[in-house]
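Below is one structure, written out as structure tokens; comments come after it.
The values are calculated or read from the model by the stated rules, or taken from the named source; none is laboratory data. Computed from a predicted model, the values in this text were never measured in an experiment. Quick reminder, even Gly has a Cβ in these numbers, built from the backbone with ideal geometry, and neighbours come from all protein chains shown.
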């Protein structure tokens with residue numbers, strides 16, 4: 001997170017600013033933070049992930065949204081996950097059609113500057129969303145994906161994938177994705 005605003009910004013002020021902004025910002029309890037630019041690997045993974053998940057969800061009651069703003073009501077936070085899946089009817093922040101409120105599955109492609117936040121505090125923030133059931137973290141520098149899904153209200157199952165031949169079967173949506181499909185154009189150091 002970078003560049004906090006000096007004064008408290010209301011959500012309405014944030015939405016008005018974001019509609020004309022060149023870059024995206026996250027909103028955290030009255031403060032705004034510019035989002036860092038993404039690397040080539042991050043873009044490649046995000047695009048291939050979105051394409052594959054969208055195809056996999058065809059014919060199901062679920063839909064994928066790439067870089068759609070997400071409202072975390074209980075924490076007064078607006079953020080941009082890389083990809084979310086909503087099953088059933090998408091619900092939005094009141095009066096808007098660009099800010100989801102009911103994700104089932106959230107995907108984040110990890111960046112060097114945010115991976116600790118994505119694994120820790122951001123995960124906890126997401127857990128305050130009643131519909132949130134599954135979290136997928138994708139490393140952009142090595143073949144490594146972490147899948148976490150809610151088994152009971154207080155129990156999360158964690159599975160790690162490290163082989164290009166691994167296939168992730170989502171626990172909460174009817175879709176699966178092969179690591180070779182999301183890492184196919186990624187430059188591994």
Kindly indicate whether residue 130 is more than 23 Å from residue 162 (Cβ to Cβ) and either touching a strand residue (DSSP E or B) at 6+ places or on another chain (Cβ under 9 Å) or outside the structural domain of residue 168 (by TED's automatic domain parsing) (or both). no
Looking at 72, 53, can you tell me which residue is surrounded by 19 or more Cβ atoms within 10 Å (Cβ to Cβ), in contact (Cβ under 8 Å) with a residue 40 or more places away in the chain and closer than 25 Å to residue 121 by Cα? 72
Count of residues meeting criterion [touching a residue at least 12 places away in the same chain (Cβ under 8 Å) and either in a strand (DSSP E or B) or touching a helix residue (DSSP H, G or I) at 6+ places or on another chain (Cβ under 6 Å) (or both)] in region 157-186: 17
Top-ranked residue of region 12-39 - restricted to ones that are part of a strand (DSSP E or B) and touching a strand residue (DSSP E or B) at 6+ places or on another chain (Cβ under 8 Å), ranked as nearest to residue 75 (Cα to Cα): 28
Scanning for something more than 15 Å from the chain's Cα centre (by Cα) and assigned by TED's automatic domain parsing to the domain that holds residue 112, does region 22-29 turn up at least one residue? no
Region 3-28, residues that are under 16 Å from residue 80 (Cα atoms) and surrounded by 11 or more Cβ atoms within 10 Å (Cβ to Cβ): 11, 14, 15, 17, 18, 21, 24, 25, 26, 27, 28
Strands (runs of 3 or more DSSP E) lying entirely in region 44-145 (those with 3 or more residues that are closer than 23 Å to residue 29 by Cα): 69-72, 77-79, 105-110
